[in-house]
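Participant: Just passing along the structure, written as structure tokens.
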Amino acid sequence: MFAYLAKRVIQAIAVMFVISLIAFAIQGNLGDPLRELVGQSVSEEVRQQLRDELGLNDSFVTQYLRFAGNALQGDLGTSYFFKEPALDVILKKLPATLELVFGATLIIIGFSVPLGVYTAIKPDTIISRIIMGLSIVGISIPVFLTAILMIFVFSVEYGWLPSYGRGDTVHVWGYWETNFATADGWTHIILPSFALASIMLPLFVRLIRAEMMEVLQSEYVKYAKAKGIKPWRIYFVHALKNTLLPVITVGGVQIGTMVAYTILTETVFQWPGMGFMFLEAVNRVDTPLIVAYLIVVGFIFVVTNTVVDLIYGLVNPTVNIARMGA
Amino acid sequence: MSLLSVRDLTVKFAMRDQTVTALNGISFDLAKGERLGIVGESGAGKSITGFSLMNLLSRPGYIDSGKIEFEGEDVVKMSDKRLRDLRGNRMAMIFQDPMVTLNPVLTIGQQMIETLMAHRKLSREEARQIAIVKLREVYIPSPEERLEQYPHELSGGMRQRIIIAIALLLDPQLIIADEPTTALDVTIQADIMELLLELCQSNQVGLILITHDLGVVSQMTERTLVMYAGRIIEQGRTREIINDPQHPYTQGLINALPQQTVPGQRLKQIPGNMPGLASIPTGCAFHPRCKYATDLCRSQIPEVVQYGDLKVACHEVQRLQADEDRQEVRA
Amino acid sequence: MSETVIPNDRPSRWSRMWNSNMGYSFRRNPVAVVSMIVFLMIAFAAFLAPVIAPYDPYDPANIDIMNSEYPPIWVDGALPEFMLGTDDQGRDLWSTILYGTRLSLLIGICAVALQAFLGISIGLIAGYVGGRLDSLLMRLADIQLSFSTLMVAIIFLAVTQAMFGSDTFNRYAVVFLIAVIGVAEWPQYARTVRATVLAEKKKEYVDSARVLGFGPLRIMVRHILPNSLSPIFVISTVQVANAIISEASLSFLGLGMPPSQPSLGSLISSGFDYIFSGSWWITAIPGVVLVVLVLVINLLGDWMRDVLNPKLYKG
């Protein structure tokens, strides 16, 4: 167990190292920190002196080590635009994005498991055919288009739900602002969550259905029937558990993908999260913020993937974690 | 009254382009506590027969016609609920490959206890105690610990013992064992067979043993069916079939046994292969591989005739027997 | 007059394909047939855009801002010369969509070709060489897959755009898009091809080819690759659909094709600002074209997966 954990953590650290190198390279090549600091009307001599003071003339290794050291202490530079530490800016936007991902995840889990299981158990019914037909239409519509369509129908045409922003949020534990505490917050998060879930949901329905159908063909399911076990127990105890194991692995990767899709949903719904902020930072060439976003998002990816791997090892009895470390 | 009586059982498979007949007019009986062997090459329909008896064929296979009377009730006509009541309770099955039979994500205990609780009103603890007793009967060491383990933590031989224990859990009238040792190491095959025989004898359980190994059949069973291309071509007492087979196919099978061969000599194989279900020859399905085949064999399906203690489906059986007698007289 | 009929021993490639198992199942499957027809129509119209389109949307001389936001002809207030109306800059929407579809398809297909090339080469090498190189490459594939393509593409394009400035970026946008979508998805192919190589390597014919003295390259290309063709086929269809969606998403974010040379994604994006003022067609019509295009490709992919039934690598 320990060896497996250590191996996963070492790999995670290696990936973070590569990400930090990329971030560092971006920082060194994108924009000019001097111009942000003092403007252009400064003599070459003063510039040179400033470069020395800022350590811009140090060797690559020294500069990287300083960058990495600062990053480890939570210092990812100061945003040119907000004039605030870049990490603080991002952490302030993080709750909005995470709540959106959370809402979408709930929708995906809540719908994909029953729909996937149903279409696997009863593949020939009309309802199953409709679900499968809709699912392929679903994966063919880009997230941003779904979002636009939803705004058009539910906000512009019917005016049922608001089309942009987070609405009334409430402070809980320090800086965390939540949408789930007020009715207005709820109405604001519904459309973006569904839009974000819209491309993953059909993907998961299809995945669960395919895995489940394969499991239902297996010898152990046939054997369970031969033992006289009731159908619901065969479906939900014997088959579903085996179905969900591979789904967990894919799901972990998809959580990362969802962070990418938040950029699209947040842009359409003007949702004040990290993704929306990132695009603004790109337009303003706010290098420290871009770099900080890269590192935070990279960190989220690495952590979720490592955690998902560990969970998979824990829930799957056939994966012997102790032996996998070897 | 016999425990099991199968009459004219016909099973078909609806394939994409055509429907093929996998079993064609199978009839046999099994007395209470009797042990019956079903032999034949792969593809003869042995396993399909086994699954049909439990009405457990999965698509595209289906029972087209015939009767399977088990304790006086027709399995073919049973409701789903009656079938569930039958399966695992009065009639149990042992699958071929223990490595894939048990569910990998459930413990041995869960898989044993659920079977008991599906058929009897028991508390979890009572069920656990029965499971432990049955595991002891199949010589599983420290059964309490095994109940907590997952299948992948156990060897193939151990798993097959557990599957035998599951088959015995509810004291069934009949166990269907579908090649229970083919997937196992040669060294433990005999052990498992011995265990199965011992338990069937001591518990008065009927056994249908599906195998391609005539040697195993001769040790385990009282009566034998020989199948070829979806039909029974010979049936009778095992001793007779082994010692004095009448059908040329059975004779071929016996001659192909290693025991029948002088060391250093080649095994006497039957030439050719079993036909596929979609291309069963006309007349007697065995005729292309039979050295005695006549025009009659090629055109007409042989009736089952009683010959001595055996029931044989062969046109030539009388002539062959006459030839043999003549040779014996001359010798 | 009777013409001499030349006996044709070998039926043409086309008729062989038509009569094959695949051709048979194609003819029997109305969804596949309709999808194929729609796809061919879209592809045909897109690649003949310069011939079909009444206006050249890239030519500023053709564009008059006074013509902006005319609705399609079935809506009141339309101009008859603009069949599908005009966009916010006064371009004929029909012509712009034709050119945009051409760009979307081109980027999608080229990106997938790049993915396939990289993935197949890496997969063949990893599977054939094996050992440490194999585990290293597959580890890299795992890591690459764990980062979403869209995320990688967004960051890469955002940084490139900030670094080179919009003008340079816009000029080479097509190349950047193809490169980033093409590089990010190679593991899909690499894993599948590697799995096939490992399976085929055990078989006798590969050994005999080696004994006969054929080099590894020849063995891989002539013997192993043909066996991985059906999974490659199936993956490619789905990947083209995904690549088109990715391109549209990137362009929608302003990280892809510029408004002066719009793909379907950038058209939808430029129309989005006008959706609240009632000019729904600038977004809706390119949106429908995009969805239909991706949908028919996905449907064809589904059909192919059913027919070829390849063993796809599962993560």
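Participant: Can you name the residue in region B:42-62 that is within 14 Å of another protein chain (Cβ to nearest Cβ) and part of a loop (DSSP other than H, G, I, E, B) and, of all such residues, is farthest from residue B:16 (Cα to Cα)?
Facilitator: Filtering region B:42-62 for residues that are within 14 Å of another protein chain (Cβ to nearest Cβ) and part of a loop (DSSP other than H, G, I, E, B), the one farthest from residue B:16 (Cα to Cα) comes out as B:54.
For every residue, the table says whether it meets (1) under 19 Å from residue B:192 (Cα atoms); (2) in contact (Cβ under 8 Å) with a residue 40 or more places away in the chain.
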site	(1), (2)
B:63	no, yes
B:80	no, no
B:117	no, no
B:122	no, no
B:125	no, no
B:143	yes, no
B:148	no, yes
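Participant: Does residue A:190 count as part of a helix (DSSP H, G or I) and over 30 Å from residue B:114 (Cβ atoms)?
Facilitator: Yes, satisfied.
Participant: Which members of region A:227-257 meet the condition of being within 30 Å of residue A:290 (Cα to Cα) and either among the β-branched types (Val, Ile, Thr) or modelled with pLDDT of 85 or more (or both)?
Facilitator: A:249, A:250, A:253, A:255, A:257
Participant: Out of (1) in contact with a Phe, Trp or Tyr (Cβ under 8 Å, 6 or more places away or on another chain); (2) at pLDDT below 70, what's the single condition that is false for residue C:85?
Facilitator: Here residue C:85 meets the rest and fails (2).
Participant: Another question, if that's okay. Hey, among the residues in region B:63-107 that are over 24 Å from residue A:241 (Cβ atoms) and in a loop (DSSP other than H, G, I, E, B), which one's farthest from the other protein chains (Cβ to nearest Cβ)?
Facilitator: Residue satisfying both the conditions and the ranking: B:72.
Participant: Within region A:143-150, does at least one residue satisfy the condition of being touching a Pro at 6+ places or on another chain (Cβ under 8 Å) and at positive phi?
Facilitator: no
Participant: Still on this structure: Could you say which residue among A:249, A:243, A:257, A:265 is more than 13 Å from chain B (Cβ to nearest Cβ), crowded, with 23+ Cβ neighbours inside 10 Å and over 19 Å from residue B:167 (Cβ atoms)?
Facilitator: The match here is A:265.
Participant: May I pose another question? Could you check region C:126-142 and list, in sequence order, the residues that are part of a helix (DSSP H, G or I) and either over 30 Å from the mean Cα position of the chain (by Cα) or of a type in the set (S, T, N, Q) (or both)?
Facilitator: Hits for region C:126-142 are C:129, C:131, C:132, C:133, C:135.
Participant: Considering only region A:292-319, state which residues are closer than 14 Å to residue A:248 by Cβ, among the hydrophobic types (A, V, I, L, M, F, W, C), modelled with pLDDT of 80 or more and in contact with a helix residue (DSSP H, G or I) (Cβ under 6 Å, 6 or more places away or on another chain).
Facilitator: A:308, the sole residue that qualifies.
Participant: Name the residue that is modelled with the lowest pLDDT, counting only residues in region A:47-82 that are part of a loop (DSSP other than H, G, I, E, B), among the polar types (S, T, N, Q) and exposed (fewer than 15 other Cβ atoms within 10 Å of the Cβ).
Facilitator: Taking the candidates together, the pick is A:57.
Participant: Sticking with this one: Can you pull out the helices (runs of 4 or more DSSP H) entirely within region A:212-302 that have at least 3 residues that are touching a Pro at 6+ places or on another chain (Cβ under 9 Å)?
Facilitator: So the answer is A:240-269.
Participant: Please pick out the residue among A:107, A:136 that is closer than 24 Å to residue A:247 by Cα, within 14 Å of chain C (Cβ to nearest Cβ) and at pLDDT 90 or above.
Facilitator: Result of the check over A:107, A:136: A:136.
Participant: With respect to residue B:111, determine if the residue is surrounded by 15 or more Cβ atoms within 10 Å (Cβ to Cβ), more than 22 Å from residue A:230 (Cβ to Cβ) and among the polar types (S, T, N, Q).
Facilitator: no
Participant: Among the residues in region A:177-184, are any within 14 Å of chain C (Cβ to nearest Cβ) and surrounded by fewer than 22 Cβ atoms within 10 Å (Cβ to Cβ)?
Facilitator: no
Participant: What's the number of the condition residue C:172 fails, among (1) surrounded by 18 or more Cβ atoms within 10 Å (Cβ to Cβ); (2) more than 8 Å from chain A (Cβ to nearest Cβ)?
Facilitator: Residue C:172 satisfies every listed condition except (1).
Participant: Moving to a separate point now. Among the residues that make up region C:271-292, is at least one of them in a helix (DSSP H, G or I), at the interface with chain A (Cβ under 9 Å from one of its Cβ atoms), surrounded by fewer than 18 Cβ atoms within 10 Å (Cβ to Cβ) and out of contact with any Asp or Glu (no Cβ under 9 Å at 6 or more places or on another chain)?
Facilitator: yes
Participant: Test residue A:131 against the criterion of being away from chain B (no Cβ under 14 Å) and among the β-branched types (Val, Ile, Thr), and give yes or no.
Facilitator: yes
Participant: Residues of region C:246-270 being more than 9 Å from chain A (Cβ to nearest Cβ) and not in a helix (DSSP H, G or I), which ones?
Facilitator: If the condition is that a residue be more than 9 Å from chain A (Cβ to nearest Cβ) and not in a helix (DSSP H, G or I), then C:256, C:257, C:258, C:259, C:260, C:261, C:262, C:263 are the ones that fit.
Participant: Name the pairs: first residue in region C:119-140 and under 18 Å from residue C:202 (Cβ atoms), second residue surrounded by 20 or more Cβ atoms within 10 Å (Cβ to Cβ) and among the aromatic types (Phe, Trp, Tyr), Cβ to Cβ under 8 Å, at least 6 apart or on different chains?
Facilitator: If the second residue must be surrounded by 20 or more Cβ atoms within 10 Å (Cβ to Cβ) and among the aromatic types (Phe, Trp, Tyr), the pairs left are C:123/C:189.
Participant: Of the residues that make up region B:171-193, is at least one among the small types (Gly, Ala, Ser) and crowded, with 23+ Cβ neighbours inside 10 Å?
Facilitator: Yes: region B:171-193 contains one or more residues that are among the small types (Gly, Ala, Ser) and crowded, with 23+ Cβ neighbours inside 10 Å.
Participant: Right, another one. Please find, within region B:219-242, the residue that is nearest to residue B:279 (Cα to Cα) out of those that are surrounded by fewer than 18 Cβ atoms within 10 Å (Cβ to Cβ) and touching a helix residue (DSSP H, G or I) at 6+ places or on another chain (Cβ under 9 Å).
Facilitator: B:242
The values are calculated or read from the model by the stated rules, or taken from the named source; none is laboratory data. Computed from a predicted structure; not experimentally measured. Neighbour counts run over all protein chains shown; Cβ positions are idealised from the backbone, glycine included.
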